[in-house]
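Worksheet for the structure shown next.
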Amino acid sequence: MRCDRFRERPMLFETVSTGGCRSYVIGCEESCAAALIDPELSQLDRYIALAARDGLRIRYLVDTHTHADHFSATQQLARQLGVPVVMHSASPAPFVDLRLQGGELLVVGRLRLQALHTPGHTRDSMCLCVEDRVFTGDTLLIGGTGRTDLPSGDAGALYESLFEGVLKLDPSIKVFPAHEYKGRSHSTIGQELAENPRLQKRDRDAFIEMMHSLNLTMPTHVTEALRTNMTGGKTVAQMLSEAAAIVPFMSLGELSTCLESRRSELIVLDVRERDAFEEGHIPGARLLPRGQLELRVNQELTDPTRRILVYCEFGRVSTLATATLRQMGFGGAVALDGGMKAWREAGYPLTAGKES
Ligand SMILES: [Fe+2]
């Protein structure tokens, strides 16, 4: 993570880098209103802290397009700050509050952010021009362009968006992309026209052929990023952290002590599948696979006041299962910290075979 800060009247400007992803805070110095462009989920608190440090109030949360390579923070920040999510009108995301058409302006204090519809990387891609700079999303990168082989990408549309759109801006305009992997803060339209290898194919067919022959590897988490960014659904990490927030955990050592004391009223519940259970389980454990939990719980766990220790193989499924049990009224449900794998590796006893 790296933050660059420089000041140029009348705006306050911040770049936040998360790996190769770039987010920008742009604020009006006079009114203290700001917009946040392409925020990333892991930096939620940082954006709010940066705005507070500079005395800015974030008024708009903007995604330049549906991201396929990271998790957008716009929806979560919108809930926390009570401000609208802004995207191009072609965005499929249902949580967008303000859908811009090309040419429309966002008013941020005395600043005017003008949307330029630039489909190609995705159908909903837009660039935002303000003062001496343009936020190009993944349409134009420093020395590159966005890829066009992901869902809704179109190399022909990107050609037109570049050569008929963003590259017609004044050559002195500064380019701030949504990705930069070499640590450069920005470039200019003129520099890109002169030096960007992808822009040297000025013929439409040659440009399309070049884009189709790139053979790029898929970004990590592409399916999950598209699912959550397009629908406003939750990531797996969010589901787990929300469950963990309402669940207490028991250590391996504490469970071992409970089992040895034999006076314990603890029910030990294995939520893995039957074959894993029969290969080796915690002595005295009962089997109730996660997939059957809600439907069999009334037969298997007749006393909702009992203390129930839940475990699975790695400690993740059991966290979700324990949260479910607590939501169903089993207030004594607790998850094993570490799961069966940790129990096995620590050399604690195992029993093989069916339930005793
Ligand atoms: Fe992208």
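Here are the numbers:
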{"item": "Those lysines that a straight Cα-Cα span of less than 26 Å connects to Lys341, excepting residues fewer than 8 apart in one chain", "result": "Lys354"}
{"item": "Compactness of segment 224-291 - radius of gyration and Dmax, Cα, Å", "result": "16.9, 52"}
{"item": "Label-point separation, Glu279 to Arg296 (7 Å along Cα→Cβ), nm", "result": "1.8 nm"}
{"item": "Order of Leu141, Leu266, Leu105, Leu61 under a 10 Å beta carbon neighbour criterion, fewest first", "result": "Leu105, Leu266, Leu141, Leu61"}
{"item": "Rg ratio (alpha-carbon, reference 2.2 N^0.38 Å) - the chain", "result": "1.28"}
{"item": "Per-residue Cβ neighbour rank within 10 angstrom, fewest leading, Ser213, Ser91, Ser31", "result": "Ser213, Ser31, Ser91"}
{"item": "FRET E, pair Ala245, Phe314, Förster distance 25 Å, beta-carbon r, rounded to 0.05", "result": "0.85"}
{"item": "Net charge of Cβ neighbours under 12 Å - reference Gly331; Lys, Arg +1; Asp, Glu -1", "result": "+2"}
{"item": "Potential lengthening between Lys182 and Lys168 on full extension [0.36 nm per residue; Cα-Cα distance subtracted]", "result": "2.5 nm"}
{"item": "Choice from Gly331, Gly137, Gly165 with maximal GNM fluctuation in the chain (Cα, 10 Å cutoff)", "result": "Gly331"}
{"item": "Radius 10 Å from Cβ of Leu81, net charge of other residues (Lys, Arg +1; Asp, Glu -1)", "result": "+3"}
{"item": "Estimated FRET transfer efficiency (Leu98, Met328; beta-carbon r; R0 56 Å; 0.05)", "result": "0.90"}
{"item": "Between segment 114-150 and segment 280-336, the alpha-carbon center distance in angstrom", "result": "49 Å"}
{"item": "Fraction of antiparallel bridges per DSSP, the chain only, in percent to nearest 5", "result": "60 percent"}
{"item": "Most mobile listed residue (Asp45, Asp303, Asp205) in the chain, GNM with C-alpha springs under 10 Å", "result": "Asp303"}
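Values quoted throughout were computed directly from the atomic coordinates according to the rules given, and no laboratory measurement underlies them. Model, not experiment: these values are computed from the prediction. Reconstructed Cβ throughout: ideal geometry from the backbone, glycine too, with neighbour counts over all protein chains shown.
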